[in-house]
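None of the figures in this text is laboratory data; all of them are computed from the coordinates on show. Please read these numbers as outputs of a predicted model, since none were measured by experiment. In this analysis, Cβ positions are derived from the backbone assuming ideal geometry, glycine residues included, and neighbour counts consider all displayed protein chains.
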Amino acid sequence: MIEQKGFTLWMTGLSGAGKTTIARIIEDELKARGLRIERLDGDVVRQSLTRDLGFTKEDRDKNIERVTFVAKLLSRNDVGVIACFISPYQSVRDMVRAETTNFIEVFVDAPLDTCIERDVKGMYAKAMAGEIANFTGISDPYEPPDNPEITVHTDQETPEESAASIIRYLEEQGFIPVEVGTAAVG
């Protein structure tokens, strides 16, 4: 069995910034290396673990509270967790940091205009038309991280480049073994 440390790679950013796309690349690469990895994604979690919650601040906080519990269990048992959540409030991300093992905050940064252009579901258009309340970046705030361990600029780099920089960080910090002799992502 490959030795690894548990960690919580917390990917935060606006809807459409690229969190899930990058997380899938990282997940595939790390699983191909034989590592124990679980990806927790906002859309998937809301279909099962938190389907009873809406999008008010209180419900968003409760959503992250439940996800944090799962990430805490996994990360303390030497599983790498990749969590993709808008998680717009710094205070809530600070709570996740305090509760999980080896928390790594990744700011998936993309300008609002870029996120709107990428919006295949039309959610931003609905939010701007007033059809969706409490939409982060439009009618609800997004607080960029105060001091993330990693920032990727998805309007300036490919998803593969962003994933490669995150994987390099995990290797450099000793969370995962350095992969020798293979073509790394990106």
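Details
- In sequence order, the stretch 132-138 has phi-based couplings of 10, 8, 6, 8, 4, x, 10 Hz under the Karplus curve 6.51 cos²θ - 1.76 cosθ + 1.60, θ = phi - 60°, and Gly or Pro positions carry x.
- Taking the Cα centre of the stretch 129-175 as reference, the dipole from Cβ charges on Lys and Arg (+1) and Asp and Glu (-1) amounts to some 40 debye.
- Stretchable slack from T158 to K5, in nm (0.36 nm times residue separation minus alpha-carbon distance): 52.3 nm
- Using only side-chain charges placed at the Cβ, +1 for Lys and Arg and -1 for Asp and Glu, the dipole size of the stretch 102-186 relative to its Cα centre rounds to 280 debye.
- A simple charge model with +1 on the Cβ of Lys and Arg, -1 on the Cβ of Asp and Glu and nothing else charged puts the dipole of the chain at about 620 debye relative to its Cα centre.
- Packing here is the average count of other Cβ atoms within 10 Å per residue, and on that basis the peptides 24-30, 72-78, 82-88, highest first, run 82-88, 24-30, 72-78.
- Spatially, the stretch 144-177 and the stretch 55-91 are offset by 19 Å when compared through their Cα centroids.
- Proximity of backbone amide H atoms, modeled 1.01 Å from N, is registered between D140 and F135 at under 5 Å, excluding neighbours fewer than 5 places apart on the same chain.
- The alpha carbon centroids of the stretch 4-20 and the stretch 104-135 are separated by 17 Å.
- Positive-end residue of G80, C115, S162, charge dipole of the stretch 59-186 with Cβ unit charges: G80
- On the basis of the beta-carbon distance and an R0 of 22 Å, A98 and E172 show a calculated FRET efficiency of 0.40.
- Here the extension length gained between D61 and K126 equals 21.1 nm, from 0.36 nm per residue of separation less the Cα-Cα distance.
- The structure-derived value of Rg and Dmax of the Cα atoms in Å appears in the list (1) 16.2, 53; (2) 20.9, 70; (3) 19.2, 61 under the label (1).
- Farthest toward the positive end of the dipole of the stretch 7-172, out of M128, F69, I26, is the Cα of F69, where the dipole comes from beta carbon charges about the Cα centre.
- Given charges at Cβ of Lys, Arg, Asp, Glu: the stretch 7-172 dipole, positive-most of A98, I138, A17: A98
- With Cα atoms, 0 to 90° folded angle of helix 159-172 axis to the chain main axis: 50 degrees
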